[in-house]
Each structure stands twice: as structure tokens, then as C-alpha cells.
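Here's the structure we're looking at; comments come further down.
The values are calculated or read from the model by the stated rules, or taken from the named source; none is laboratory data. Since this is a predicted model, take the numbers as computed values, not measurements. All Cβ positions, glycine included, derive from the backbone under ideal geometry; neighbour counts span all protein chains shown. Ligands, DNA and RNA are excluded from the accessible area calculation, which covers all protein heavy atoms including side chains. Shrake-Rupley method; radii C 1.70, N 1.55, O 1.52, S 1.80 Å.
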Amino acid sequence: IVKLLLGYKETDIKAVNRCDETAFDIAEKTGHLEIASMLQQHGVQSARAIKPAATNPARELKQTVSDIKHEVHYQLEHTLQTRKQVQGIAKRINKMHSEGLNNAINSTTVVAVLIATVAFAAIFTVPGQYVDDPNDIPPGDSLGEANIAPKPAFIIFFIFDSIALFISLAVVVVQTSVVVIDSKGKKQMMAIINKLMWFACVLVSVAFLALSFIVVGKDEKWLAIGVTIIGTSIMATTLGTMCYWVIRHRIEASNMRSIRRSSQASRSRSWTMSVMSDSEILNNEFKKMYAI
């Protein structure tokens, strides 16, 4: 359109508006460099080049206000577009968090049921013979009692296995009875339940190791000792690594909160700053994947 208008002889290439601007000035101010170059090729000059001596304080003030208004409008439009993009990213990340939490809840429920099943079955399938003949009960024993019942290893196994059983059942009851909609509430509940499942796994491991000393017998105790060393190393490494990530996340989250408080106290609440704050929050929320 500009090129066609410039092709007419009737077009006044020196025309200025009320702000004392030519078409070239407006094109430069609005950032249309291609149109500005086209105007310059057809002889359209800046108002200053046409009227270099024109000095009107009122007009200059009006021009300055117009420039500031245009710049503010451009900044607001750019900020709105950036904010929409940030909000879109936030929605996607929140959806990922929600799906991850739901998967973790389902997985924890399945694991709790498995641990409860194994712990329940282990108590009634202990190795060794039982007193099952009512007419032939050895002195000091009772009907249905296992021969290994008085041994300390069996007592450790029975206590730890029972605690693991009831912890798993408690987790199953909570998971099937409590419905949490809020994302923060889900994270808090999952953090507590996961620690309980860690504890239950440790109890089941100790119960297994205690019973292994009875199963292998006195002559093959080295097998039980070897299994104890291997199992303890694996569990200690796994739980130690998980605790390291949890503690590291807590420290990073605390540092981020301190930085955010200090930055919010020192800066003005502009739209641009709010977008920066949103991006920081998204970063922090992404790191919370390690919270559980």
C-alpha cells in the first residue's frame, strides 16, 4: 500500500501530523524498518530535516509523551504475550505433576498391598516343624507352636514382620479412604506415606535376615552373614541416596525462598517482574520432583 501511494504524484511526501511527524518518523518510531527504507528511497525525509529550526517546547513535550505512551503500550503487549506463554508452560507442568502424583499414589498402594501380603504369609509359613499332635506335646511347648519360636532370631523376625504388616495395612487404609484434590496436600501425604514404606521395607529386610540365620543352620552361618552384608549394603546405599536427594532438595528450596523474599522486597511490582517471578516459581516447582 505504501509503495502504491508513493507512486502517485499527488502524494505529499512532506506532510506532517499534529505531532510534527512525517511518515518516515512514524515508520522509524513503530519499528517498521522496511517501510522506513522504502520511504527514504522515495525522498521522504524526517521532520527535523525538513524543519530543522522548529523548536516548540509544547510540541516537543507532546512528542515526548507520545513516544513514552507508545513504548509503554509496546511493553505491555510484549509482557502479555510472555505471560500467556508462561501460564501455558505452568499448566503443562502442573498437569505433569498431577499425573506423576497419581502414578505415585497408585504405585504406593500396590506396593503396600504386596508388603502386607508377604508379611502376613511369612508369619504362618515359618521354617521348622510344628507341634501338631494333641497326644504328643513336648514339655514346655503348646499345640501349633513352631520349634524355633523360643529363639531370639525368630522373635526379631516376628516383631519386625508384624510391624511391617500393620504399617502396610495402615497405608492401604489411608490410600483407599482419603481423597486429596489439592496438589500440595497430595505431595505432603505422599511424602509421609513414602517414608512409612521405606520403614516397612527396612523392617521386612531385617525380618528376612534374622530368619535366614535359623534357616541355614549353625554349620552354614557364613551364608547368612554374606547375605546380611550384601542386603545391608544395598538397602543402606538406596536409602542413603534417597535421603541425600531429599535433604538436597530441602536446602535448595529454602535458598530459593530466601532469594525470592529478598528480591520481592527490593523490586517494584511491575508486570515484567511478575513474569520473572512466575518463571522462578516454575523452576522451583520442577525441582520439587525430588521432594517425595
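Here are some notes:
- ³J(HN,Hα) computed for each position of segment 160-172 - Karplus, 6.51 cos²θ - 1.76 cosθ + 1.60, integer Hz, glycine/proline x: 5, 5, 5, 4, 4, 4, 6, 5, 5, 5, 5, 5, 4
- When all protein chains stay in place and ligands, DNA and RNA are ignored, the 1.4 Å accessible-area order of ARG83, ARG92, largest first, is ARG92, ARG83.
- Theoretical gain in end-to-end length, LYS218 to THR30 [0.36 nm per residue, Cα-Cα removed]: 58.6 nm
- Phi to ³J(HN,Hα) by Karplus 6.51 cos²θ - 1.76 cosθ + 1.60 over segment 59-73, Hz, x for Gly, Pro: 5, 5, 5, 5, 5, 4, 4, 5, 5, 5, 4, 5, 5, 5, 4
- Accessible surface calculations at 1.4 Å, restricted to protein heavy atoms, place segment 1-50 at 76 Å² per residue.
- When peptides 6-17, 94-105 are sorted by average Cβ neighbour count within 10 Å, with the highest value leading, the order is 94-105, 6-17.
- Distance between modelled label sites at MET235 and VAL110, nm, 7 Å Cα→Cβ extension: 2.4 nm
- Gyration tensor verdict on segment 1-50 (Cα atoms; rounded if a/c is under 1.5, prolate if a/b is larger than b/c, oblate otherwise): oblate
- Inter-site label distance for GLN81 and ALA191 at 7 Å from Cα along Cβ, in nm: 3.9 nm
- FRET efficiency, 1/(1 + (r/R0)^6) with R0 25 Å, evaluated for ARG48 and ILE1 via beta carbons: 0.45
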